[in-house]
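One structure is given below, encoded as structure tokens.
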């Protein structure tokens with residue numbers, strides 16, 4: 001198959017009206033962001049929750065101290081018994 005005499009295609013000749021564009025102006029390379037007060041508050045909440053997640057649920061130092069106190073026969077006396085009873089009564093609302 002051959003195609004002869006295609007019309008409507010203009011050749012690019014004599015393009016003398018072309019001007020060079022101006023050089024691009026380089027802007028300072030400083031990006032800035034502005035956070036809303038709500039975003040700042042959410043960031044603080046996130047930071048605090050991360051700190052809380054790092055703290056263990058059970059404080060083993062307190063558990064070990066309690067075990068040592070209970071092993072001491074002089075630790076459990078009438079004063080300790082009364083104190084514990086009062087705290088249990090307060091918790092139960094008695």
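See the values below:
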| read-out | value |
| --- | --- |
| Candidates 18, 67, 33, 58 - the one that is under 30 Å from residue 84 (Cβ atoms) and not in a helix (DSSP H, G or I) | 58 |
| Number of the exception - residue 74 against (1) surrounded by fewer than 10 Cβ atoms within 10 Å (Cβ to Cβ); (2) over 28 Å from the mean Cα position of the chain (by Cα); (3) in a helix (DSSP H, G or I) | (3) |
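Residue-wise test of (1) touching a helix residue (DSSP H, G or I) at 6+ places or on another chain (Cβ under 6 Å); (2) surrounded by 10 or more Cβ atoms within 10 Å (Cβ to Cβ); (3) modelled with pLDDT of 70 or more.
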| residue | (1), (2), (3) |
| --- | --- |
| 10 | no, no, no |
| 21 | no, no, yes |
| 24 | no, no, yes |
| 30 | no, no, yes |
| 43 | no, yes, yes |
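The values are calculated or read from the model by the stated rules, or taken from the named source; none is laboratory data. In this text, all values refer to a predicted model and were calculated from it rather than measured experimentally. For neighbour counting, all protein chains shown are included, and Cβ atoms are generated from backbone atoms with ideal geometry for every residue, glycine included.
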